[in-house]
Amino acid sequence: MKKLVLAAAAACCAWGPIAARAADDTIRKTNGEQVKAPVQSVSKDGVTFEKGSKQETLKPFEVAAIRFSDAPATMISIIAQVINGGYENALRSLGGIDPGTLERAESKQELQYLKAYCNGRLALGGSVDVNEAGKQLREFVKACPDSYHYYPANELLGDLAAAAGKYDAAATFYKVLADSPFDEYKTRAGVAIGRARLAEKKFPEALKEFETALSLAEKGSGPAADAAKQSALIGKAACLAETGKPEEGLKVIDEVLAKLSPEEVDLHAQAYVAQGNCYRKMPEHAKQALISFLHVDVLYFSNAQAHAEALWNLTALWIENGKQERAVQASELLKQRYPNSPWAKL
C-alpha cells in the first residue's frame with residue numbers, strides 16, 4: 001500500500017501539457033457551474049481547457065475540483081458531497097476508488113487531495129486527529145507543488161496548525177497565499193492570519209489583519225472577492241465584540257447576513273457564531289445569543305468548527321435559562337461528534 005501511495009504521489013508531479021482526450025473532463029467551478037471539456041494543462045496558477053477551437057484558463061480559486069475522464073462517474077457526486085460538507089460520506093466513497101485503476105496522473109492527484117482535504121476539514125471540527133490530517137496534506141504539497149490545489153492545501157495546513165495552537169507554523173503556511181500572484185489569495189491569507197491572531201487573543205493585531213484584508217477585497221470583484229470580504233467582516237465583528245464594542249460588531253454582522261446567499265453555508269455559520277458572541281457580551285441579550293447559536297445547530301451544522309463552538313455556547317446558555325436537559329444534550333453532542341475539538345475539552 002505504501003508503495004502504491006508513493007507511486008501515486010510521484011505521478012502527481014508530472015503535470016506538463018495534457019493530451020486532449022475524446023472523453024470530456026468535468027470541471028466543477030467554485031460558483032457551482034460545471035464545464036465539460038478536455039483539460040489541457042494544470043498548474044498552481046490555473047487550469048486550461050479546450051472549448052471549441054479555443055483554449056480557456058480558469059484561475060485556481062475559480063476551480064473547486066475536477067472529475068477527469070478516467071475517474072469513475074461517482075466522482076461527480078463525491079465532489080458534490082465534499083463541496084456541501086459531507087466529508088465523512090465522501091471519504092467512504094473515495095476509499096472505494098482504487099488508484100491503480102486510474103490511468104491519468106491528474107486523476108490520482110485529485111483522489112489524493114480530496115482524501116487529505118476531507119480529513120483536514122474533519123480535523124478542524126474535532127472528529128479526526130489534527131496531526132494525521134496535517135501529515136496527509138504535507139505529503140500532498142510536497143509531491144505536487146504545481147497542483148491547482150497548492151494554495152488551498154497550504155491554507156488548510158495553516159488552519160490545522162492554528163487549531164493545534166502552532167501559530168508561527170500557521171503563519172508560514174498562510175504566507176504561501178500572501179506571496180501568490182492573486183489578490184484573492186492574498187486577501188484569504190489576511191483573513192486567515194486574522195483568525196489566528198483572534199485565537200491567540202491578540203485582538204488589536206487581528207483587527208488590523210482583517211482591515212487589511214478588507215482593503216484588498218474591496219479592489220476585487222466576483223464571488224471569490226465577495227466571499228473574502230464577508231469573511232473579513234465577520235472577523236472584524238468578532239474583534240469588535242472582544243474589544244468592548246459588541247453593538248458595532250452586530251451592525252457588521254447584520255450587513256453580512258443581508259448580503260449572503262442561501263448557498264453560502266460556511267459563511268452563514270461563521271456569521272451566526274460571531275453574532276452569538278456579540279450578544280453574549282451583553283448579558284441582557286442572552287436570548288438573542290441563544291437564537292444565534294441555534295441557527296448554527298439547526299441549519300448550518302455542516303460547518304464543524306462553527307457547530308462545535310455553537311454547541312459549547314448553547315450548553316452554557318441552556319444552563320443560564322434553566323434548561324438543564326437541553327444543556328446536557330448539547331454537551332453530549334459536542335463530545336460525541338467532535339471529541340478532538342478544543343471546545344469539547346473546555
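Read-outs: derived from the displayed coordinates by stated rules, not from any lab. This one's a predicted model, so the numbers in the text were calculated from it and none came from an experiment. We place every Cβ from the backbone using ideal geometry, glycine too, and count neighbours over all the protein chains shown.
Per-structure values
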read-out: Set LYS166/LYS287; LYS44/LYS186; LYS29/LYS219 screened for pairs whose C-alpha atoms are more than 24 Å apart; value: LYS166/LYS287
read-out: Quarter of Cα convex hull surface for the stretch 275-346, i.e. mean projection, nm²; value: 4.3 nm²
read-out: For the stretch 169-259: relative contact order, % (alpha-carbon pairs under 8 angstrom, 6 or more apart); value: 22 percent
read-out: Percent of alpha-carbon pairs separated by more than 17 Å within the stretch 221-346; value: 56 percent
read-out: Filter on LYS54/LYS175; LYS36/LYS236; LYS142/LYS281; LYS59/LYS201; LYS202/LYS251 - keep pairs with C-alpha separation over 32 Å; value: LYS54/LYS175; LYS36/LYS236; LYS142/LYS281; LYS59/LYS201
read-out: The stretch 220-288-the stretch 322-339 distance, computed between alpha-carbon centres (Å); value: 25 Å
read-out: Environment charge of ASP226, counting only residues whose C-beta is closer than 14 Å and scoring Lys/Arg +1, Asp/Glu -1; value: -4
read-out: Environment charge of ALA178, counting only residues whose C-beta is closer than 10 Å and scoring Lys/Arg +1, Asp/Glu -1; value: +2
read-out: Rel. contact order, % - alpha carbon contacts under 8 angstrom, at least six apart, the stretch 193-346; value: 14 percent
read-out: Rg/Rg_globular for the stretch 28-137, with Rg_globular taken as 2.2 N^0.38 Å and Rg from C-alpha atoms; value: 1.10
read-out: Sequence ranges 271-279, 338-346, ranked by mean other-Cβ count within 10 angstrom, highest first; value: 271-279, 338-346
read-out: Point-charge dipole on Cβ atoms (K/R +1, D/E -1) for the chain, about Cα centre, debye to 20; value: 520 debye
read-out: Interatomic Cα distance distribution for the stretch 141-184, bins of 5 angstrom, percent; value: 5, 26, 28, 24, 12, 3
read-out: Sequence-separation-based contact order of the chain, relative, with Cα cut under 8 Å and 6+ spacing, percent; value: 12 percent
read-out: 16 Å Cα-Cα reach of LYS345 towards aspartates and glutamates, excluding residues that sit fewer than 8 places from it in its own chain; value: ASP129, GLU309, GLU332
read-out: Degrees, to the nearest 10: 2-12 long Cα axis against longest axis of the chain; value: 80 degrees
read-out: Mean ellipticity per residue at 222 nm, deg cm²/dmol - from DSSP H runs of n ≥ 4 across the chain, formula -39500 (n - 2.57); value: -20500 deg cm²/dmol
read-out: Equivalent ellipsoid semi-axes - Cα gyration tensor, the stretch 176-263, angstrom; value: 20, 17, 9
read-out: Nearest-ten-degree value, helix 265-280 long axis tilted from longest Cα axis of the chain; value: 20 degrees
